[in-house]
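Structure record follows, encoded as structure tokens.
The values are calculated or read from the model by the stated rules, or taken from the named source; none is laboratory data. All of these numbers come straight from a predicted model, not from anything done at the bench. Positions of Cβ are generated from backbone atoms using ideal geometry, with glycine treated the same way; all protein chains shown enter the neighbour counts.
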Amino acid sequence: MAKQVPSRPAGAAISTYRYRVPFFDTDAMGVVHHANYIRYLELARVIWLDEYDLPYRQVAEQGTHYATTRVELDYHYSARFDDRIDIAVWLDWVRGASLCMAYELLCGDTRVASGYTVHAAVNSEGRVRRLPKERLANLRPLAVRAAP
């Protein structure tokens with residue numbers, strides 16, 4: 001059963017990335033191929049880190065990476081070539097070694113997709129590690145809800 005992702009929560013620390021759909025993102029039916037939406041989430045997530053935590057480059061230089069362990073996306077409307085999609089992202093929850101980001105993708109007033117990604121904090125060798133204390137101290141107040 002799909003997790004219901006709410007529209008942008010009031011008071012959340014939200015970043016929005018505007019993406020203009022290029023022709024090569026579309027499939028034979030002229031709509032954005034479903035796999036491309038995962039790339040869009042990544043683009044927005046990196047912007048969110050820049051705005052609310054540390055740029056991902058700095059996180060990586062400190063020996064931490066965010067490995068994606070789950071992606072769930074509900075498609076509501078087909079985006080097409082040259083559409084402008086606003087990808088909103090916010091931190092849903094964070095715990096010792098993982099975090100969840102939630103997303104809402106809009107084309108104008110139309111909800112194109114919504115979903116979430118879960119990430120494990122790992123070291124450079126790919127082993128799960130706890131998030132550094134300073135990362136947790138910064139991220140916890142930004143989370144919309146407590147970790148499950």
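Tabulated results
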item: Selected residue [closer than 14 Å to Ala143 by Cα and within 15 Å of the chain's Cα centre (by Cα)] from Arg70, Arg8, Arg39; result: Arg8
item: Evaluation of Tyr77 against (1) within 22 Å of Trp93 (Cα to Cα); (2) modelled with pLDDT of 95 or more; (3) aromatic (Phe, Trp, Tyr) (one fails), failing number; result: (1)
item: Answer residue from the stretch 117-148, given it is within 16 Å of Tyr66 (Cα to Cα) and aliphatic (A, V, I, L, M) and is farthest from the chain's Cα centre (by Cα) among those; result: Val128
item: Residue list for the stretch 1-19, restricted to those being modelled with pLDDT of 75 or more and either in contact with an Asp or Glu (Cβ under 7 Å, 6 or more places away or on another chain) or of a type in the set (Gly, Ala, Ser) (or both); result: Ser7, Arg8, Ala10, Gly11, Ala12, Ala13, Ser15, Thr16, Arg18
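Per-residue answers, yes or no, for (1) more than 12 Å from Leu41 (Cα to Cα); (2) surrounded by fewer than 16 Cβ atoms within 10 Å (Cβ to Cβ); (3) at pLDDT 95 or above:
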residue	(1), (2), (3)
Tyr66	yes, no, yes
Ile85	no, no, yes
Ala102	no, no, yes
Thr110	yes, yes, yes
Ala121	yes, no, yes
Glu134	yes, yes, no
Ala147	yes, yes, no
